[in-house]
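Shown next, in structure tokens, is the structure this report addresses.
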Amino acid sequence: MGTTTVTRCLGVDDHAVVRQGLDLLFGSLDDIELLETVETGEDALAAIARQAPEVVLVDIRLPGIDGISVLRKIQAEAPNVKTVVFSAYGDKRLLTDAIGAGARGYVLKGSPPEDLLRAIRTVVGGKPFIDPSLSPALLTGNGTEGHLSEREREILQLLAGGYHTDEVAERIGLSSETVKSDTKRAITKLEADGRVHAVAIALRQAMIE
């Protein structure tokens, strides 16, 4: 018999009831282990260094270091760790800020528990995950998204994967200026506020993975 690969997770939330809920949710799983839950971003960074989790669940509203800053610090200090935002808030600014800070997933606390588990398994598999219950109004243009060119989709796919403009240019054999121009064109077509919002729209509309 084969052995089950276990994903090691850490939870960061200042509400005791949420931490208890995470303990219950993960307690019966064979493929995901909750190493511990902590209350603050400072505790999270210390726990990451101590426990070496593969996935960290981060609340946006935290005492001390806020969730977005925690995401940035994790990306800088432990780039191999995948982060999933687990928040009660789903407004556009927080979503785009989180993706821009390195989050690979975004799940609302009001969503079914299965969505959080699916998010963890999806990001471990190398793909981003955006909560399917997020308001389409936050993540949709006015029907122009289908007009993205194949190259624009490819660029957004690489941006979603965490590549910077120069790295995208090198991977697809274009100049950085051409990549910037194509990115701006995609942003305009999607009626997005910027490239992070454009990536969020493309993910939500399944135009990229």
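Details
This table checks each residue for (1) modelled with pLDDT of 90 or more; (2) aliphatic (A, V, I, L, M).
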site	(1), (2)
PRO136	no, no
GLU150	no, no
ILE155	yes, yes
GLU170	yes, no
SER175	yes, no
ARG185	yes, no
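- Restricting LEU35, LEU57 to those that are touching a helix residue (DSSP H, G or I) at 6+ places or on another chain (Cβ under 8 Å) and over 21 Å from TYR106 (Cβ atoms) reduces the list to LEU35.
- Flag for ASP23 being loosely packed, with under 15 Cβ neighbours inside 10 Å, in contact with a Leu (Cβ under 8 Å, 6 or more places away or on another chain), of a type outside the set (Val, Ile, Thr) and under 28 Å from TYR163 (Cβ atoms): no
- Checked against the criterion of being in contact with a helix residue (DSSP H, G or I) (Cβ under 9 Å, 6 or more places away or on another chain) and more than 26 Å from THR5 (Cα to Cα), the candidates GLY102, GLY21, GLY64 yield just one match: GLY64.
- Residue within the stretch 86-96 that is touching an Asp or Glu at 6+ places or on another chain (Cβ under 9 Å) and part of a loop (DSSP other than H, G, I, E, B) present: yes
- Filtered by the rule that a residue be of a type in the set (Val, Ile, Thr) and surrounded by 19 or more Cβ atoms within 10 Å (Cβ to Cβ), the stretch 166-195 gives VAL168, VAL179, THR183, ILE187.
Table: residues versus (1) surrounded by 23 or more Cβ atoms within 10 Å (Cβ to Cβ); (2) modelled with pLDDT of 90 or more.
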residue	(1), (2)
ARG93	no, no
ILE99	yes, no
GLY105	yes, yes
LEU108	no, yes
PRO113	no, yes
ILE120	yes, yes
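- For the stretch 13-31, the count of residues that are in a strand (DSSP E or B) and in the same structural domain as GLU77 (by TED's automatic domain parsing) is zero.
- Total residues in the stretch 45-56 satisfying the condition of being out of contact with any Leu (no Cβ under 7 Å at 6 or more places or on another chain), free of Cβ contacts under 8 Å to residues at least 60 places away in the same chain and surrounded by 18 or more Cβ atoms within 10 Å (Cβ to Cβ): the figure is 1.
- Flag for ALA46 being outside any strand (DSSP E or B), small (Gly, Ala, Ser) and under 23 Å from GLN157 (Cα atoms): no
The values are calculated or read from the model by the stated rules, or taken from the named source; none is laboratory data. What you see is a predicted model, and the numbers here were worked out from it, not measured in a lab. FYI the Cβ positions are ideal-geometry reconstructions off the backbone, even for glycines, and counts take in every protein chain you see.
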